[in-house]
Amino acid sequence: MLETNGLTLHYGGSQILHGIDFAAKLGEVTCILGPNGVGKTSFLKALAGTHPRSGGTVTLDGETLPVARPQDMARRGLSVVPQGRMIFPLLTVRENLETAFAVLPKPDHGIPEEVFTLFPILKDFLHRRGGDLSGGQQQQLAIARALIMKPKVLLLDEPTEGIQPNVIQQIGHVLEYLKAKGDMAIVLVEQYFEFAYGLADQVYVFRRGSVATSGRAASFDKDALRAAVSV
């Protein structure tokens, strides 16, 4: 389980996150919902190490994690699919996938066949440059790269943004499959409400850098929740 207690984050003199208490369990999708600008992406950055938290604790399977660089957090089991995908446009698909090897011991340097089962298009395009892929194909590449790191926690920031509907559906099927495997916690930040609600086991609603409400997805009235996260 991934847990945070009292997590805070600042950008310069501005406090962005205010004492976030949060938990994500193995075999579940935990969704973070809320309007733009309420700290959802900043929270993922604090977890992934791309922006150091100011205070509070992060624990994974009972072990308190220090503030660390992204590659060190990835080695500890937190793998992120960032907003905007952040693939390397001049590298081939194979080379993009192989960048994940940097956080793995040498015996694990290999692309699991499961990656190509989940995203068959990547096998067909192994020698194509990342920048020549469509937005949906780049998103599949970014998720595949994160999975190669063998995460205990998969962090996804707006994975449906700018993606065609058939690829959104495929990504949804992949997340359902990963959830069913039960060996990782999935933390999903997502503005596409129907996609998020359809996957969510647990929901956190952020407001002004704090948790406004949280609970099991099934316990919320769907229409009321949609209204709460869209204002």
Discussion item. I need the calculated FRET efficiency for the pair His18 and Leu91, taking r as the beta carbon distance and R₀ as 45 Å, to the nearest 0.05.
Written reply: 0.70
Worksheet item: Cα gyration tensor of the stretch 139-202, axes a ≥ b ≥ c as square roots of the eigenvalues: rounded (a/c below 1.5), prolate (a/b > b/c) or oblate?
Response: oblate
Practice prompt. Taking P(r) over Cα pairs in 5 Å bins from 0, in percent as the quantity of interest, determine which of [x] 1, 7, 15, 19, 20, 17, 12, 7, 2, 0; [y] 1, 6, 13, 16, 17, 14, 10, 8, 6, 3, 3, 2, 1, 0, 0; [z] 1, 5, 10, 13, 14, 14, 13, 11, 8, 5, 3, 1, 0 was computed from the displayed structure.
Written response: [x]
Worksheet item: Using the alpha-carbon centroid of each, what span in Å lies between the stretch 70-147 and the stretch 157-231?
Response: 22 Å
Worksheet, complete the sentence: Among beta bridges assigned by DSSP with both residues in the chain, the antiparallel ones amount in percent, to the nearest 5, to 55 percent
Fill in: Cross-link reach list, aspartates and glutamates versus Lys106, counting only Cα pairs under 17 Å and skipping chain neighbours closer than eight places
Asp72, Glu95, Glu98
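How about the stretch 148-231: which trypsin sites (Lys or Arg not before Pro) there lie in a loop by DSSP and see at most 15 other Cβ atoms within 10 Å?
Arg208
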Discussion item. If the reach is capped at under 17 angstrom between alpha carbons, list the aspartates and glutamates near Lys25, excluding any in the same chain fewer than eight residues apart.
Written reply: Glu3, Asp61, Glu63, Glu176, Asp183, Asp201
Worksheet item: Does the stretch 12-108 come out rounded, prolate or oblate, given a ≥ b ≥ c as the square roots of the eigenvalues of its C-alpha gyration tensor, rounded meaning a/c under 1.5 and, failing that, prolate meaning a/b above b/c?
Response: prolate
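State the extension gain, in nm to one decimal, for the chain segment bounded by Leu104 and Ala180, taking 0.36 nm per residue of separation less the distance between their alpha-carbons. Spell out each step's value before the answer.
On the way: separation 76, 0.36 × 76 = 27.36 nm, distance 2.42 nm.
Extra length available between Leu104 and Ala180 comes to 24.9 nm.
Apply the a/c threshold of 1.5 to the C-alpha gyration tensor of the stretch 1-63 and tell me whether it is rounded, prolate or oblate. The partial results should precede the final answer.
Details: a/c = 2.15, a/b = 1.36, b/c = 1.58.
Oblate shape, in that a/c is at least 1.5 and b/c is the bigger or equal ratio.
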Practice prompt. For the chain, calculate the relative contact order in percent as a whole number, restricting contacts to Cα pairs under 8 Å that are 6 or more residues apart.
Written response: 30 percent
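With a length cut of 18 Å (Cα positions projected on each helix's long axis) and a Kyte-Doolittle mean of at least -0.5, go through the chain and give me the DSSP H helices that pass.
Working: long enough: 135-148 (20 Å, 0.19); 165-181 (24 Å, -0.09).
Span-like helices in the chain: 135-148, 165-181.
Computed from the coordinates by the stated procedures, all read-outs in this text should not be read as laboratory data. In this text the structure is predicted, and so the values were computed from the model without any measurement. Because the Cβ atoms are built from the backbone with ideal geometry, glycine has one as well, and the counts that use them run over all protein chains shown.
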